[in-house]
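Since the structure comes first, as structure tokens, the remarks are kept for the end.
The values are calculated or read from the model by the stated rules, or taken from the named source; none is laboratory data. Source: prediction; values computed, not measured. All Cβ positions, glycine included, derive from the backbone under ideal geometry; neighbour counts span all protein chains shown.
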């Protein structure tokens, strides 16, 4: 069967002139700024303008654009290589080109027998996968694209995915310890993108899935004695966000005089939050607080083990009988998470 795999990702500006509109698109998303549209319209522009110079400077550090599309294209090509000739990948970015509407038109032109929606977000959040799903369904309807579609909602503790991450962390631990003076201990900081606390309280399963993802990786590490902490980065609005923040965790490491290995647990591709926020800004913060060693684990990008894990997830999802699946086939998070897509899927079944 001809199978279209649609990869969801955030997107990023492809040049200096795209930085502002990309950020306006990001902060205009009702899944992120949960305010009435007339407030969101002005607030998105205010937030984008308030740090416009800093954002532009940060993208300049990466050559004036985000590397995210290039890296996602590499992942897409590698995944096609694993899955064979009857599979074609398409990329649907949420906040910059190629948008879902462009991807939907391309999928329609290819005319597949079926579609798999595959987020490059291991943990489900209404602000990432949920937002991309809404965007895709609107784009597919506008394009007149009607094909049997399966959605993979999350894979945060899928064994093959976890093994691929654990291998990268093992490598990072070995390299860090080889660089540290004798007697200096190491702490893993599993850093994920943060969320306003109100979104989690409302039922978003993201924080619970990040913590479960971390626990699964820790259970597979070769070093069973290394200590760890989950923390959250990239606060962007004035609300109270889930914590502790990555900044707070680094400051605490300075007080404890312990080296840190940053593990970007919610990111599978390098972009501004790994290459600038973690590698430059937080490294400088660590030096300021006299952290005795600062290291970062590699993100998967097109790592072969990660691509094989995605291929396995794809095969199992397509072999299932549901339009919605997780790596566990059924629901992967607890009933208290009312914004898990399975809650809405069940509501739809009951309504039918």
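List of remarks:
- Within the range 37-64, tally of residues that are within 19 Å of residue 27 (Cβ to Cβ) and outside any helix (DSSP H, G or I): 1
- Considering the range 21-36, the residues that are assigned to a loop (DSSP other than H, G, I, E, B) and at pLDDT 85 or above include one that is surrounded by the fewest Cβ atoms within 10 Å (Cβ to Cβ), namely 30.
- When the range 177-197 is limited to residues that are more than 22 Å from residue 210 (Cβ to Cβ) and either in contact with a strand residue (DSSP E or B) (Cβ under 9 Å, 6 or more places away or on another chain) or in contact (Cβ under 8 Å) with a residue 12 or more places away in the chain (or both), the one that is surrounded by the fewest Cβ atoms within 10 Å (Cβ to Cβ) turns out to be 181.
- If you go through the range 250-280 and keep only what is crowded, with 16+ Cβ neighbours inside 10 Å and farther than 27 Å from residue 56 by Cα, you end up with 252, 253, 254, 258, 259, 260, 261.
- The set of residues in the range 51-79 that are buried (at least 16 other Cβ atoms within 10 Å of the Cβ) and farther than 18 Å from residue 272 by Cβ comprises 76, 78, 79.
- Only one of the listed residues (103, 142) is more than 27 Å from residue 280 (Cα to Cα), in contact (Cβ under 8 Å) with a residue 24 or more places away in the chain and surrounded by 15 or more Cβ atoms within 10 Å (Cβ to Cβ). That residue is 103.
- Scanning the range 301-342 for residues that are part of a loop (DSSP other than H, G, I, E, B), modelled with pLDDT of 90 or more and over 22 Å from residue 127 (Cα atoms) gives 302, 303.
- Counted residues, the range 278-298 - those being in contact (Cβ under 8 Å) with a residue 60 or more places away in the chain and either under 18 Å from residue 125 (Cβ atoms) or touching a strand residue (DSSP E or B) at 6+ places or on another chain (Cβ under 9 Å) (or both): 6
- All positions within the range 198-212 that are crowded, with 18+ Cβ neighbours inside 10 Å and free of Cβ contacts under 8 Å to residues at least 40 places away in the same chain: 207
- Exclusive hit being assigned to a loop (DSSP other than H, G, I, E, B), crowded, with 21+ Cβ neighbours inside 10 Å and in contact (Cβ under 8 Å) with a residue 60 or more places away in the chain, set 161, 121: 121
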